[in-house]
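Worksheet: the structure to be examined is printed underneath.
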Amino acid sequence: MIKKGFSRLGVGLLYLISLLPYPILFFIADILFVLIYYVIGYRRKVVQQNLANAFPEKSLSERQAIEKKYFRFLADLILETIKLYSISPEETIKRVDFRDHLLQDNEAFKQGKSIIAAVGHYGNWESGCLRMGLVKERKCIIAYKPLSNNIFDKFFFDLRSRFGTLMVPMKNTFRTVVAHRREHTLTVLAGDQTPSRDEVTYFTNFLNQPTAVFLGVEKLAKTTDSLVVFCDVRRVGRGYYTCTFVPLFDNPKETAEYEITNAHVQYLENVIREEPEYWLWSHRRWKFKPEDLN
């Protein structure tokens with residue numbers, strides 16, 4: 001009961017914070033950066049190890065520069081995400097510029113094919129997913145991993161579904177997408193989510209190391225014969241992003257096994273290598289190695 005009380009209090013506080021204007025939020029983010037980087041040292045060893053494994057060719061000073069930039073961005077990301085709980089549709093459109101010209105010129109898109117979109121934990125992916133709820137041409141379905149705390153899980157569920165997005169737990173994604181296969185849908189899946197041990201069936205090379213990946217994007221695309229795209233989210237300023245829909249495969253049923261998976265993972269890696277500070281380095285992404293599962 002006490003734990004639930006604190007959780008409800010925390011959610012209420014987050015809502016009040018979300019009402020603050022962006023300049024004040026970024027002032028708080030500047031303070032938060034000092035706390036999590038210098039005082040608390042939040043997961044700094046995890047970040048340092050991830051960067052060392054991903055970029056062995058970079059010097060220690062280069063990796064340290066990325067590390068510091070990452071934590072500055074992480075502080076911004078936390079406050080920007082809280083803001084999404086009360087942000088207006090108009091402000092969302094203003095701050096997340098959808099660039100869909102590559103889709104508009106695509107024949108598969110013109111034919112009305114549904115879309116399976118891979119997205120990474122890069123930039124403010126939450127802003128991009130919220131913005132997708134404002135796309136009127138297609139029903140938006142987003143797969144998510146429920147949180148263990150029911151109160152905070154509901155907070156993020158409500159945040160992400162504010163503009164009409166259909167939020168679906170990961171384990172129900174396949175069934176839901178297939179049920180809506182006769183509609184024009186846009187289904188979004190995180191392509192860099194870590195599978196649990198019993199879900200690991202395939203490793204690919206990602207950021208210089210064997211990486212366990214979900215095959216959901218590939219399986220859904222082939223089952224529903226959907227257009228496969230990558231949601232390329234880029235930060236262009238504090239609180240401002242672009243999201244470019246990059247078509248990867250028009251005819252997924254004609255692809256070889258793992259071709260789609262390798263392609264969207266490789267695309268994300270290329271994005272990360274351009275500006276590494278905007279990926280979620282504090283996530284324990286590499287929990288499993290191929291030899292651990294033998």
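Please list, in order along segment 41-50, the HN-Hα scalar couplings obtained from phi with the Karplus expression 6.51 cos²θ - 1.76 cosθ + 1.60 (θ = phi - 60°), rounded to whole Hz, x for Gly and Pro.
Rounded to whole hertz, the list is x, 4, 6, 5, 5, 5, 4, 4, 5, 4.
So what are the ³J(HN,Hα) numbers for segment 142-150, from phi and the Karplus equation (6.51, -1.76, 1.60; θ = phi - 60°), rounded to whole Hz, Gly and Pro as x?
10, 7, 9, 9, x, 7, 6, 7, 4
Please report the projected area of segment 52-92's Cα convex hull averaged over all directions, in nm². It would help to have the intermediate numbers written out before the result.
Numbers: hull surface 15.8 nm².
For segment 52-92, averaging the hull's shadow over all directions gives 3.9 nm².
Compute the semi-axes of the equivalent ellipsoid of segment 114-188, taking the square root of 5 times each eigenvalue of the Cα gyration tensor, and list them largest first in whole Å.
Details: eigenvalues 75, 43, 27 Å².
They are 19, 15, 12 Å, listed largest first.
When the gyration tensor of segment 1-152 is built from Cα positions, what are the square roots of 5 times its three eigenvalues, in whole Å, from largest to smallest? Before the final figure, lay out the partial values.
On the way: eigenvalues 185, 124, 53 Å².
Gyration-tensor ellipsoid for segment 1-152: 30, 25, 16 Å.
Stick to the Cα atoms of segment 195-294, pair each with every other, and give me the Kirkwood hydrodynamic radius in Å at one decimal. Please report the intermediate quantities before stating the final value.
Numbers: mean 1/r = 0.0663 Å⁻¹.
One over the average 1/r among Cα pairs gives 15.1 Å for segment 195-294.
Among all the lysines, which ones have a C-alpha under 22 Å from LYS94's C-alpha, if same-chain residues fewer than 8 places away are not counted?
Reachable lysines: LYS83, LYS136, LYS139.
Any chance you could get the radius of gyration and Dmax over the Cα atoms of segment 176-226, in Å?
When restricted to Cα atoms, segment 176-226 yields Rg and Dmax of 13.0, 40 Å.
What percent does the relative contact order of the chain come to when contacts are Cα pairs within less than 8 Å and at least six residues apart? Before the final figure, lay out each step's value.
On the way: 445 pairs, mean separation 68.8, N = 294.
Averaging sequence separation for qualifying contacts and normalising by length gives 23 percent for the chain.
Which of the GluC sites (Glu not before Pro) found in segment 48-98 are loop residues per DSSP with 14 or fewer other Cβ atoms within 10 Å of their Cβ? Present the calculation step by step, with values, prior to reporting the outcome.
Details: sites: GLU57, GLU62, GLU67, GLU80, GLU90, GLU91; in loops: GLU57.
Hits after loop and neighbour filter: GLU57.
Just to be sure I understand the model, the point goes 7 Å from the Cα along the line to the Cβ. What's the resulting GLU90 to ALA179 distance in nm?
In this crude label model, GLU90 to ALA179 measures out at 3.6 nm.
For LEU215, put the label point 7 Å out on the Cα→Cβ axis and report which residues of segment 133-171 keep their amide N under 17 Å from it.
What the label zone holds, given the 17 Å backbone N cut-off, is 171.
Please report the projected area of segment 58-134's Cα convex hull averaged over all directions, in nm². Each step should come with its number before you reach the end.
Details: hull surface 28.9 nm².
Mean projected area for segment 58-134: 7.2 nm², to one decimal.
Could you give the radius of gyration (one decimal) and Dmax (whole number) of the Cα atoms in the chain, in Å?
Looking at the chain, its Cα Rg and Dmax stand at 19.1, 56 Å.
Run a plain Debye calculation on segment 77-228 (Cα atoms as equal point scatterers, no solvent) and give log10 I(q)/I(0) at q = 0.12 Å⁻¹, rounded to two decimals, same order as the q list.
-0.54
Residue by residue through segment 55-62, what is 3J(HN,Hα) from phi via Karplus (6.51 cos²θ - 1.76 cosθ + 1.60, θ = phi - 60°)? Round to whole Hz and write x for glycine and proline.
The phi angles translate into 10, x, 7, 8, 6, 4, 5, 5 Hz.
Using only the alpha carbon atoms of segment 223-271, find the Kirkwood hydrodynamic radius as the inverse mean reciprocal pair distance, in angstroms to one decimal.
Numbers: mean 1/r = 0.0826 Å⁻¹.
Hydrodynamic radius (Kirkwood, Cα only) of segment 223-271 equals 12.1 Å.
Between rounded, prolate and oblate, where does segment 198-251 land on the alpha carbon gyration tensor, with a ≥ b ≥ c its root eigenvalues, rounded for a/c under 1.5, else prolate if a/b exceeds b/c? Don't jump to the answer; show the numbers that get you there.
Working: a/c = 2.64, a/b = 1.31, b/c = 2.02.
Oblate.
Determine the alpha carbon to alpha carbon distance for each of LYS113/LYS171; LYS45/LYS219; LYS219/LYS289; LYS45/LYS287; LYS171/LYS222 and list only those over 26 Å. Don't jump to the answer; show the numbers that get you there.
Working: LYS113/LYS171 24 Å; LYS45/LYS219 35 Å; LYS219/LYS289 23 Å; LYS45/LYS287 15 Å; LYS171/LYS222 18 Å.
Correct reply: LYS45/LYS219.
Between segment 108-159 and segment 56-72, what is the C-alpha centre distance in whole Å?
One Cα centre to the other: 30 Å.
With a sphere of radius 12 Å drawn around the Cβ of SER114, what net charge do the other residues whose Cβ falls strictly inside it have (Lys, Arg +1; Asp, Glu -1)? Mind dumping the intermediate values first?
Values: positive: LYS113, ARG138, LYS139, ARG181, ARG182; negative: GLU137, GLU183, ASP225.
Once all neighbours under 12 Å are counted, the net charge is +2.
How big is the charge dipole of segment 10-85 about its Cα centre, in debye rounded to the nearest 20, if each Lys and Arg gets +1 on its Cβ and each Asp and Glu gets -1 on its Cβ?
On the way: 9 positive and 6 negative charges, 40 e Å.
So the dipole magnitude of segment 10-85 works out to roughly 200 debye.
Keeping all protein chains in place, calculate the accessible area per residue for the chain (probe 1.4 angstrom), answer in Å². Let's see the in-between values first.
On the way: 14530 Å² over 294 residues.
Result: 49 Å² of accessible area for each residue.
What order do HIS184, HIS264, HIS121 take when sorted by accessible area (1.4 Å probe), most exposed first? Can you show the working numbers first?
Details: HIS184 100, HIS264 5, HIS121 30 Å².
The ordering from most to least exposed comes out as HIS184, HIS121, HIS264.
Multiplying the sequence separation of ALA52 and GLN64 by 0.36 nm and subtracting their Cα-Cα distance, what value in nm do you get?
3.3 nm
Count neighbours as other Cβ atoms within 10 Å of each site's Cβ, and list the trypsin sites (Lys or Arg not before Pro) in segment 69-162 that are DSSP loop with at most 10 such neighbours.
When the trypsin sites (Lys or Arg not before Pro) of segment 69-162 are filtered for loop state and at most 10 Cβ neighbours within 10 Å, LYS136 remain.
The values are calculated or read from the model by the stated rules, or taken from the named source; none is laboratory data. Since we're looking at a predicted model, the values are computed, not measured. Positions of Cβ are backbone-derived with ideal geometry, glycine not excepted, and every protein chain shown enters the neighbour counts. Areas reflect the complete protein model, heavy atoms only, side chains present, ligands, DNA and RNA absent. Shrake-Rupley method; radii C 1.70, N 1.55, O 1.52, S 1.80 Å.
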